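The values are calculated or read from the model by the stated rules, or taken from the named source; none is laboratory data. Everything numeric here is computed off the predicted structure, so don't read it as measured data. As a convention, Cβ positions derive from the backbone with ideal geometry for all residues, glycine included, and neighbour counts pool all protein chains shown.
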Amino acid sequence: MKTVVAVSLSVCVSLLLVACQADPSNVPATSETAASDASPTWPASLVVVGDGFPNPGDACRVIGESSATVNFLDDSATLAGCLDASAAAQLGGTTVGVVDGVTLVSVPRAAAVPGDGDSQGDAVVAGTIYHATAQIPCAGYQGAAPGLCNAGVVRGTETGTYIDVTLPDGSTRTIFFGTDNAFLTFSTAESNGTAALEISSRREGDTTIATLGAERYEIPDAFVIGD
């Protein structure tokens, strides 16, 4: 009788061991599994802007100005970085370098539309009120690091030209230029404290550097003037 009980217990233990091994939930996560779940790591040497380029969620990112990228920036193009070289090849730009494993690609901004210096007049970008759209270097809004902000320009109004800059939180900062295309001022308000901020501007080559308090915006002449 004791022999039968012992054999039965041995069989039960064996069956339990087989069941545990067959159950995927009992298999511990390997280092490879953990690595696949980890978010991609971008090097500290680069200023990474946004959550995807050219569209939110995409693998590449807009790369802002830093000592590692200063020689790659171009007013007529967006500097993008990709951790995957194959993703970089799909952007349709020119690979300008590799920094700490990130492939840098200079991607020409949207193809010229009427009003962008193509001698076709100053029509608007489809679906917008703007004569042109682009990304301009920006920094300082609520302590934001240097990067790129989406901007749209309306030219030829009675008082001149204005540019709407989309800020990191989705709000808008408007920059005004006169009929002579010289910088005038920013839109400000007492309600948000901007009316008390110092406004200034200076020229660097063919670019206007406009500042509002700690905020800084770089606006190329070509964007202001168009045709």
(request) Go through the stretch 43-56 and give me each residue that's within 25 Å of Gly143 (Cβ to Cβ) and either surrounded by fewer than 18 Cβ atoms within 10 Å (Cβ to Cβ) or within 8 Å of the chain's Cα centre (by Cα) (or both). (result) Pro43, Ala44, Ser45, Val48, Val49, Gly50, Asp51, Gly52, Phe53, Pro56
(request) Evaluate the following for Ser31: is it at pLDDT below 80, farther than 30 Å from Thr133 by Cβ and surrounded by 10 or more Cβ atoms within 10 Å (Cβ to Cβ)? (result) no
(message) If I filter the stretch 168-194 down to residues being surrounded by 16 or more Cβ atoms within 10 Å (Cβ to Cβ) and out of contact with any strand residue (DSSP E or B) (no Cβ under 6 Å at 6 or more places or on another chain), which single residue comes out as nearest to Val124 (Cα to Cα)?
(response) Thr188
(request) Examine the stretch 147-162 for a residue that is surrounded by 13 or more Cβ atoms within 10 Å (Cβ to Cβ), modelled with pLDDT under 90 and over 15 Å from Ile63 (Cβ atoms), and state whether such a residue exists. (result) no
(request) Give the number of residues within the stretch 41-61 that are under 14 Å from Asp84 (Cα atoms) and either assigned to a strand (DSSP E or B) or of a type in the set (Phe, Trp, Tyr) (or both). (result) 5
